[in-house]
Amino acid sequence: ARERLELLLDPGSFRELDAFVVQRSRDFGMDKPENQILGDSVVTGWGTINGRLVYVYSQDFTVFGGSLSEVHAAKIVKIMEMAMKNGAPVIGLNDSGG
């Protein structure tokens, strides 16, 4: 997911947001530290394309199939709200099982 964003955005312009959050689910042993994945299957942030500010998210299918969780959704909503406040577009790279 990060690699796709690096290809999309101007070199060195990407700034990641909430990279260290984890899922809130505690079912099926997901509360164990070894089962918690930083970022919760979506990379969010901002950068530039041809010098223009854009907000981006990229789902990561290799983590939980890119499935939408409470934290995953909150990260996307957060950058959408930031984009609205700044009058910038949002680009989503979807790679998810649901």
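The values are calculated or read from the model by the stated rules, or taken from the named source; none is laboratory data. This is a predicted model, so every value here is computed, not measured. All Cβ positions, glycine included, derive from the backbone under ideal geometry; neighbour counts span all protein chains shown.
Some notes on this structure:
- Figure legend. Inter-residue proximity from the stretch 73-95: first residues under 14 Å from GLU16 (Cα atoms), second residues outside any strand (DSSP E or B) and not aliphatic (A, V, I, L, M), beta-carbon distance below 6 Å, spacing 6+ or different chains. Indicated pairs: LYS75/ASP18.
- Taking the stretch 1-13 as the range and being touching a residue at least 40 places away in the same chain (Cβ under 8 Å) and not in a helix (DSSP H, G or I) as the test, the residues that pass are ALA1, LEU9, ASP10.
- Hey, GLY29 modelled with pLDDT of 95 or more and over 18 Å from LYS78 (Cβ atoms) or not: no
- The single condition from (1) at negative phi; (2) exposed (fewer than 15 other Cβ atoms within 10 Å of the Cβ); (3) at pLDDT below 95; (4) not aliphatic (A, V, I, L, M) that ASP95 fails is (2).
- ALA73 being under 11 Å from the mean Cα position of the chain (by Cα), more than 21 Å from GLU3 (Cβ to Cβ) and modelled with pLDDT under 95: yes
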